[in-house]
Amino acid sequence: MVWDARPMANSDSGDSVTDRLVRVLETFTPTRTVQTTAEIGRRAGLPSSTAHRIVAELVGSGLLERDDERRVRIGMRLWELATRSSHALRLRQAALPFMERVQARIREHTQLAILEQDEALFLERLSGPQSGSNVTRIAGRLPLHASSSGLVLLAYSDQTLQARVLEQSLARLTPSTIVDPGALRRKLAEIRTRGHAIAPGYIEEVSTGVAVPLHDETGIVVAALSVVLPRETPTEPSLAELHRSARDIERALGRRR
């Protein structure tokens, strides 16, 4: 498909065609999967005519789809393109069998997350009928400083990212969330020393997140494997399962110890 840039040239605000396309796509979230074109335009901050033009182009290309009520949702074409040669897909495929083992043994939410734009992005979540409370969704995001997965990813990230996060005003999601930069810095050092993160009540007071790092074949931490436990559940059995599965996933990714 060839985009006609003439009617969608840079706007008065200086936005490019690409900027506006991204804003349209970003109006979709894990909890907002279907919208009207008017809602998309309002949330993307676009004039009605521009929103209708962009949505029509994206529907025509298969990146968006319309349902029987003319509402708009993400199209299968976008999913297809996103998963081609995707590093995240390869990681998920390598991890999934071992995540299933963790979930079968621990019987609580088991999750896989990567670092994406200063947040923890969750590629997969396995749950059972008896699994406890959990706010995580597949393709959902959580703050690095508050989630066990995010803490692992932050602890093993570069100094530039750590400094950027520590300089921010950290959101307190519960009374237990670490929001003091000094305390967070000590927590990150503890995670690197122990090789895991335990986050009791950081996201929800009733839950404890437990996470371990996943290294690729070069030894770089590329993901976090985690479980979400009821707050008072002992963490040692889960940590043993997570570390075991992390080693198996790393071998599947080609890492040699």
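The values are calculated or read from the model by the stated rules, or taken from the named source; none is laboratory data. Here the structure is a predicted model, which is why all the values come from computation and not from measurement. Note that we place each Cβ from the backbone using ideal geometry, even for glycine, and neighbour counts take in every protein chain shown. What goes into the accessible areas is simple: the full protein's heavy atoms, side chains included, and nothing from ligands, DNA or RNA. Shrake-Rupley method; radii C 1.70, N 1.55, O 1.52, S 1.80 Å.
Once you charge only the Cβ atoms, +1 for Lys and Arg and -1 for Asp and Glu, what is the size of the charge dipole of the chain about its Cα centre, to the nearest 20 debye?
Values: 35 positive and 31 negative charges, 89 e Å.
Its charge dipole is roughly 420 debye.
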Magnitude of the charge dipole, the range 65-135, Cβ model with Lys/Arg +1 and Asp/Glu -1, debye to 20: 240
Dmax and Rg, reported as Rg then Dmax, of the range 64-120 (C-alpha, Å): 15.9, 44
Inter-site label distance for ARG70 and THR33 at 7 Å from Cα along Cβ, in nm: 2.4
Nonlocal amide H pairs with LEU64, under 5 Å, H built at 1.01 Å: VAL59, GLY75
Backbone N under 16 Å from the GLU100 label point (7 Å along Cα→Cβ), restricted to the range 216-243: none
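Counting every Cα pair in the chain, what percent are over 28 Å apart? Numbers along the way, then the final one.
Details: 14316 of 32896 pairs.
I get 44 percent for the Cα pairs in the chain exceeding 28 Å.
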Dipole of the chain, positive direction: furthest Cα of VAL55, THR193, ILE74, with charges on the beta-carbon: THR193
Options LEU89, THR110, PRO129, ranked by Cα towards positive dipole end of the range 89-149, top entry (Cβ charges): PRO129
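Let me know the volume per residue of the alpha-carbon convex hull for the range 144-257, in Å³.
Values: hull volume 10.2 nm³, N = 114.
It comes to 90 Å³ per residue, whole-number rounded.
The range 100-156: Rg/Rh from Cα coordinates, Kirkwood Rh?
Numbers: Rg = 11.5 Å, Rh = 11.6 Å.
When Rh is taken as the Kirkwood radius, the ratio is 0.99.
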With DNA, RNA and ligands ignored, accessible area of THR33 (1.4 Å probe; Å², nearest 10): 80
Zone residues, the range 26-64, relative to LEU81, backbone N less than 12 Å from point 7 Å out along Cα-to-Cβ: 57-64
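For the range 142-199, with only Lys/Arg (+1) and Asp/Glu (-1) charged at the beta-carbon, what is the dipole magnitude about the Cα centre, in debye rounded to 20? Provide the component values of the computation, followed by the final result.
Working: 7 positive and 4 negative charges, 24 e Å.
My answer is approximately 120 debye.
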With all protein chains modelled, accessible area of ARG194 [1.4 Å, Å²]: 150
Whole-Å semi-axes of the ellipsoid equivalent to the range 24-149 (Cα gyration tensor, √5λ, descending): 32, 16, 14
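On alpha carbon coordinates alone, what is the Rg over Rh value for the range 88-187, Rh being the Kirkwood radius? Don't skip to the end; give the middle numbers.
On the way: Rg = 14.5 Å, Rh = 14.6 Å.
Here the Rg-to-Rh quotient is 1.00.
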Dipole of the chain, positive end: most advanced residue of LEU154, THR36, LEU214 [Cβ charges, Cα centre]: LEU214
Residue-level accessible surface for MET76, protein heavy atoms, 1.4 Å, Å²: 120
